[in-house]
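This report concerns only the one structure given below.
Every read-out reported here was derived from the displayed coordinates using simple, explicitly stated rules and does not represent laboratory data. If you're wondering where the values come from, they're calculated on a predicted model, not measured in any experiment. All Cβ positions, even for glycine, are placed from backbone atoms using ideal geometry, and neighbour counts span all protein chains on display.
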Amino acid sequence: MHDNLADVKSVEDLVEEGAYRACKDVAINRAKNFEENGVYINPGKISKIIRKEFPYSEMPREKSRARNFYTAAVCNMVTELISRAITQNAIERP
């Protein structure tokens, strides 16, 4: 987890913020691809979904393991939701 923020923000806030940033990074790095294919990624919506679905109960107690778990879980969840958005867009396009 973000050690410098762990005492300032709730885990839920950190998850939502991390998901939002990860989603924005993907959207920025793939903007041309998304634009060419008519795909729109909504980082706010995705981060709220991840905040609700994050496996909080599975997070390890030890700091370095918790940080690794947090990073991997957020990245995997962002990837999954963006993949679904892309797939859904491909299905809906004429």
As straight-line cross-link partners of LYS9, the qualifying lysines (C-alpha separation under 27 Å, not fewer than 8 residues apart within one chain) are LYS24, LYS45, LYS48, LYS52, LYS63
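Which whole-number percent of Cα pairs in region 11-92 have a distance greater than 17 Å? Don't skip to the answer; put the middle values down first.
On the way: 1515 of 3321 pairs.
Taking all Cα-Cα pairs of region 11-92, the fraction more than 17 Å apart is 46 percent.
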Only helices counted: for the chain, with every DSSP H run of 4 or more residues adding -39500 (n - 2.57) and the sum spread over all residues, [θ] at 222 nm is -23500 deg cm²/dmol
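Listed highest first by mean packing, meaning other Cβ atoms within 10 Å per residue, what order do 70-77, 52-59 come in?
Details: 70-77: 17.0, 52-59: 11.8.
For the peptides 70-77, 52-59, the packing ranking is 70-77, 52-59.
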Sorted on mean Cβ neighbours within 10 Å (highest first), peptides 14-26, 31-43 come out as 14-26, 31-43
Once both label points are put 7 Å beyond Cα along the C-beta direction, the MET59-ASN37 separation in nm becomes 3.1 nm
